[in-house]
Amino acid sequence: MTDDTAPILHSIRIKLYPNHMKSRIKGAYIARTASNRTLSIEEVCTLAKNRGGYSGRIEEMTAHVRRYFDEAAYNLCDGFAIDTGYYSIQPSIGGTFDSPNEANDRAKHPVSFTMRLHASMTGLAQYIDVIVDSIVKTQGAIHTLIDAASAEENRTLTPGGVFTVRGYKIKLAGASPEVGLYFHPAPPEEPLAPGALIDTPSPAQTVRTVASEGVKARIADNRSTQLIGIVPPLAPGRYNVTVITHYSRGSLLLKTPRPITGEFTLTVSSEGVSSAKP
């Protein structure tokens with residue numbers, strides 16, 4: 001139960017997208033966080049130092065946190081559950097065994113990890129205010145990408161894994177060779193200089209840039225509100241997802257293809273679980 005009298009200590013800014021799944025979700029708009037920034041361990045440790053919550057050296061705190069997660073991952077791989085106080089993670093084995101003597105089959109008995117949030121985490125919601133930042137235009141949008149391997153939303157990509165993109169007017173249609181879903185390098189996160197002007201490329205320029213610099217994904221499910229496919233081989237780095245399509249609505253097609261880019265940044269990490277191996 002939340003406390004309506006609790007002080008507001010934090011705020012989350014959101015963007016509203018028109019709801020085109022009203023048969024399943026009631027309401028006119030779907031909310032998504034306006035910030036797509038993912039903080040690294042180093043950044044969280046730096047913030048702890050700057051806020052005054054930590055008096056030691058940032059490098060030492062970062063090293064200790066990384067060592068903790070390495071050790072936690074090692075023990076998860078040995079079958080232990082890990083409780084951090086805010087959430088717990090536990091391994092589980094899927095599938096079924098036909099007999100006690102059946103050998104382990106990685107495909108038939110997949111290992112997965114499940115996270116469960118504790119009240120100490122979910123209870124923090126009572127201290128958060130939600131502020132509507134803007135309403136996204138309705139000519140087509142991508143509001144969600146789910147990476148199946150990590151089960152994360154609008155954050156990570158796992159090459160070779162399955163992804164699901166949700167939005168509206170994103171169906172791949174039209175004869176132009178550029179039509180497709182692309183993962184392309186995200187621009188660097190650099191602060192804008194005072195008085196600087198933002199150079200916004202035209203749709204045609206965006207189509208050319210994305211098609212030449214991006215990597216096209218294979219699509220298995222192609223609908224106006226959902227695309228499902230396989231993440232192509234991608235080098236570690238930060239990416240945006242863009243759909244290029246002639247689709248408008250129903251059987252109507254645009255004369256020229258238009259780009260629809262998700263307003264979030266996706267990360268392909270170079271870090272694996274090798275540190276958890278014996």
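Mind ranking 203-211, 116-124, 164-172 by how tightly packed they are, going by the mean number of other C-beta atoms within 10 angstrom, highest first? Could you put the intermediate results ahead of the total?
On the way: 203-211: 16.2, 116-124: 11.8, 164-172: 20.9.
Final packing ranking: 164-172, 203-211, 116-124.
Rounded to the nearest whole Hz, the Karplus-based 3J(HN,Hα) values (6.51 cos²θ - 1.76 cosθ + 1.60, θ = phi - 60°) of segment 241-252 follow the sequence 10, 9, 9, 10, 7, 8, 4, 10, 6, x, 9, 7, with x at glycine and proline. Pull out a ≥ b ≥ c, the square roots of the eigenvalues of the alpha-carbon gyration tensor of segment 84-186, then state rounded if a/c is under 1.5, prolate if not and a/b is larger than b/c, and oblate in the remaining case. Verdict is oblate for segment 84-186.
Send over the Kirkwood Rh of segment 24-77, from the inverse of the averaged 1/r over different Cα pairs, rounded to one decimal Å.
Values: mean 1/r = 0.0712 Å⁻¹.
After inverting the pairwise mean of 1/r, the radius is 14.1 Å.
Each of Ala72 and His10 was given a label point 7 Å from its Cα along the Cα-to-Cβ line. The distance between the two points is 1.6 nm.
Please report, in debye to the nearest 20, how large the charge dipole of the chain is about its Cα centre when each Lys and Arg carries +1 at its beta carbon and each Asp and Glu carries -1 there. Before the final figure, lay out each step's value.
On the way: 29 positive and 26 negative charges, 272 e Å.
Roughly 1300 debye for the chain.
Just checking the listed ones, Pro257, Pro188, Pro236: in the Gaussian network model of the chain with Cα springs under 10 Å, the one fluctuating most is Pro188. The H on the amide N of Gly161, modeled in the peptide plane, is under 5 Å from the matching H of Val231, each at least 5 residues off or on a different chain.
According to the square roots a ≥ b ≥ c of the eigenvalues of the Cα gyration tensor, what is the shape class of segment 10-131, taking rounded for a/c under 1.5, prolate for a/b larger than b/c otherwise, and oblate for the remainder? Here segment 10-131 falls in the oblate category. Lysine pair count for the chain (Cα-Cα distance under 20 Å; residues 8 or more apart in sequence or on different chains): 14. Between Leu253, Leu234, Leu16, the residue with the greatest mean-square fluctuation in the GNM of the chain (Cα pairs under 10 Å linked by springs) is Leu253. Listed peptides 244-250, 97-103 appear in the order 244-250, 97-103 once ranked by packing, highest mean of other Cβ atoms within 10 Å at the front.
Taking label positions 7 Å along the Cα-Cβ direction at both Ile135 and Ile58, the computed distance is 4.1 nm, reported to one decimal.
Jot down the per residue volume, in cubic angstrom and as a whole number, of the convex hull over the alpha-carbon atoms of the chain. Don't skip to the answer; put the middle values down first.
On the way: hull volume 59.3 nm³, N = 278.
Spelled out: Cα convex hull of the chain, divided by residues, is 213 Å³.
Of Thr96, Thr38, Thr114, the residue with the greatest mean-square motion in the GNM of the chain, using alpha carbon springs below 10 Å, is Thr96. Charge tally around His246: other residues with Cβ under 12 Å, Lys/Arg +1 each, Asp/Glu -1 each, net +4.
Each value in this text was obtained by applying a stated rule to the coordinates, not by laboratory testing. This is a predicted model, so every value here is computed, not measured. All Cβ positions, even for glycine, are placed from backbone atoms using ideal geometry, and neighbour counts span all protein chains on display.
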